[in-house]
Amino acid sequence: MMEVVRPSKLRLLLFAFGDFAFNLYWQSVMLFLLFYYTDALNLPIAVAATTYMIASVWDGIANFIAGLLVDRRHATLRYGAILVAGAVPLGACFMLMYMPPLTSGGWAIASILATHLLFRTAYAAVNVPYLAMTARVSADGGDRAFVAGMRMLFGTAAAVAIALCTVPVGRWLIGSTASQAYFGAAVLFGAIGTAILVLVGATYREGTTIDRPLPASVRAVLVSLLKNRAFVTLSASMMAMIVAITVINKSVLYYFKYLLNDPEAGQLALASMGVVSGIAIPLWMVLGRILGLRALWFITAGFGIAALLLFAAIDVHRSGLMQLFLITLQVMIVGLNFVFWAMLPNTVEYGEQTTGLHVEGAVFGVAALLQRIAIGIATAILGWSFASAGYVPNVQQSADTLGGMRATIVVVPVIFLALSCLAMLSNPLGRQVTPAKVEPEPA
């Protein structure tokens, strides 16, 4: 039973504004946290990458657990109250994560890991209910599409703000040292994010009431997913893709600082990549409808591999040229992300027809879990590879070290983009851009 209530565009816009807050946190973690650990706190990069990997894997587990709880208690949860109650702890945990440790040695590493795990737990506890609210804010498909588009724009705006403002604004607020600058920025962004989420939670009103039975057992859900060939192969492609693009994104600040001696240009490159994300999405939507999603994956990944091989052949020593290369790669990254999120809902219908079980929540929950695991793996690969090349933070790197860092940036993404294509070859989904009836698997 569903009661249809059309909220105003202003209310929908205010709800979507919550994604600006979440992306202040998420983009900071994705773009700056590893670099903060190594170049502000002087952690060995292998140690920093390992702590990041542990926290990222835990993030996936926490998101999966939160998703299960939301699925099972959806009828009794007060989603707006959860946002209001969780906003302050989440903002405080974000600030703690960037606070320089008060101890040294092993205790400092332990405190860094503990605050990172605390933030990831708080983020999952607040973000997963917010994502569930997107299905309840309105029963109208047009309203939901409007919210999705506005969330994407607010997320892009947050990414640009984080890239451009983290270091200069943090330095202006608190002090000139790197660790002080990052902490100052975290205090500012945490305060802004907290205020936004409190406002969104306090003004949230459900536009639809959904009555549905409790989901199947966790075991039945997982068995169904394992039998869903469309989901398994798409997830494998996604994980390989995430490893490739995470290595690229997390290497940007290191490349500009140590290979180009222009760290400020690296921050501008990250901001430019965020702007390109918003511009490129409509292009991939049109191409997806013309070429089909599965074919578009091969084209996009092939484009990325070709660009990386060209980069390997040309030794880039100019910041402007490197920024242009990264913007070009970002177009590829956006395309692959678009294909994944466009195909993922189709796996729900495919799985229901092949296994008889509708497991929508589990599909997105497990996808989030695997995404976080892939981010952790990519960060570990980057950190361990840089460490084996001899990287030491805040010193002039040797020619061999710079060569090893550059090789990592090229070789790892090429390998994993190729692996993503191999996995996609086995995906049974065809040309559909929106969920549609799927053909049964051949015997």
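Looking at 265, 280, 271 in this structure, which one is more than 22 Å from the chain's Cα centre (by Cα) and in contact (Cβ under 8 Å) with a residue 24 or more places away in the chain?
Answer to the selection: 265.
Considering segment 312-330 alone, what residues qualify as being open to solvent by 40 Å² or more (accessible area, probe 1.4 Å) and assigned to a helix (DSSP H, G or I)?
Residues of segment 312-330 that are open to solvent by 40 Å² or more (accessible area, probe 1.4 Å), as a first pass: 312-315, 317-318, 320-321, 324, 327-328.
Scanning segment 312-330 gives 312, 313, 320, 321, 324, 327, 328.
Right, residue 72: over 17 Å from residue 16 (Cβ atoms) and either at pLDDT below 85 or open to solvent by 60 Å² or more (accessible area, probe 1.4 Å) (or both) or not?
yes
Considering only residues that are open to solvent by less than 50 Å² (accessible area, probe 1.4 Å), within 24 Å of the chain's Cα centre (by Cα) and of a type in the set (A, V, I, L, M), which ones fall in segment 219-238?
Result: 225, 230, 234, 236, 238.
Out of the residues in segment 241-274 meeting the condition of being touching a helix residue (DSSP H, G or I) at 6+ places or on another chain (Cβ under 6 Å) and open to solvent by 20 Å² or more (accessible area, probe 1.4 Å), tell me which one is nearest to residue 341 (Cα to Cα).
Among residues in segment 241-274 that are touching a helix residue (DSSP H, G or I) at 6+ places or on another chain (Cβ under 6 Å) and open to solvent by 20 Å² or more (accessible area, probe 1.4 Å), the one nearest to residue 341 (Cα to Cα) is 272.
Considering each residue of segment 391-403, count those that are open to solvent by 20 Å² or more (accessible area, probe 1.4 Å) and more than 25 Å from residue 56 (Cα to Cα), and give that number.
Residues in segment 391-403 being open to solvent by 20 Å² or more (accessible area, probe 1.4 Å) and more than 25 Å from residue 56 (Cα to Cα): 8 in total.
Being open to solvent by 30 Å² or more (accessible area, probe 1.4 Å) and in a helix (DSSP H, G or I) is true for just one of 290, 333. Which residue is that?
On inspection, the qualifying residue turns out to be 290.
Suppose we filter 309, 326 for residues that are more than 21 Å from the chain's Cα centre (by Cα), modelled with pLDDT of 90 or more and under 30 Å from residue 262 (Cβ atoms); which single one remains? Working first, answer last.
Numbers: 326 fails: more than 21 Å from the chain's Cα centre (by Cα).
After ruling out the rest, the residue left standing is 309.
Do the conditions hold for residue 284, that is, is it at pLDDT below 90 and part of a helix (DSSP H, G or I)?
Yes.
Rundown of residues vs (1) charged (D, E, K, R); (2) more than 21 Å from residue 270 (Cβ to Cβ); (3) open to solvent by 20 Å² or more (accessible area, probe 1.4 Å), yes/no style:
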| site | (1), (2), (3) |
| --- | --- |
| 19 | yes, no, no |
| 51 | no, yes, no |
| 54 | no, yes, yes |
| 58 | no, yes, yes |
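Would you be able to say whether some residue in segment 248-258 is at pLDDT 90 or above, outside any helix (DSSP H, G or I) and touching a Ser or Thr at 6+ places or on another chain (Cβ under 7 Å)? Before you say what the answer is, go through the steps one by one.
Here is the first cut: in segment 248-258, the residues at pLDDT 90 or above are 248-258.
Checking which are outside any helix (DSSP H, G or I) leaves us with none.
So far as segment 248-258 goes, no, none of its residues is at pLDDT 90 or above, outside any helix (DSSP H, G or I) and touching a Ser or Thr at 6+ places or on another chain (Cβ under 7 Å).
Considering each of 347, 300 in turn, give the residue that is open to solvent by less than 10 Å² (accessible area, probe 1.4 Å), free of Cβ contacts under 8 Å to residues at least 40 places away in the same chain and over 18 Å from the mean Cα position of the chain (by Cα).
Every option except 300 fails the conditions.
May I ask you to list pairs of residues, at least six apart or on different chains, whose Cβ atoms are under 9 Å apart, with the first in segment 389-412 being without any contact (Cβ under 8 Å) to a residue 24 or more places away in the chain and part of a loop (DSSP other than H, G, I, E, B) and the second being open to solvent by 20 Å² or more (accessible area, probe 1.4 Å) and of a type in the set (D, E, K, R)?
These pairs meet every condition: 389/400; 390/400.
Determine if segment 434-441 includes at least one residue that is surrounded by fewer than 18 Cβ atoms within 10 Å (Cβ to Cβ), of a type in the set (Val, Ile, Thr) and at pLDDT 95 or above.
No.
Open to solvent by 20 Å² or more (accessible area, probe 1.4 Å) and at pLDDT 80 or above: is that true of residue 131 in this structure? Spell out the reasoning first.
Values: open to solvent by 20 Å² or more (accessible area, probe 1.4 Å): yes; at pLDDT 80 or above: no.
The answer is no for residue 131.
The values are calculated or read from the model by the stated rules, or taken from the named source; none is laboratory data. Small disclaimer: the values here were computed from a predicted structure and weren't measured. Note: ideal-geometry Cβ built from the backbone for every residue, glycine included; neighbour counts use all protein chains shown. All accessible areas refer to the heavy atoms of the entire protein, side chains included, with ligands and DNA or RNA removed. Shrake-Rupley method; radii C 1.70, N 1.55, O 1.52, S 1.80 Å.
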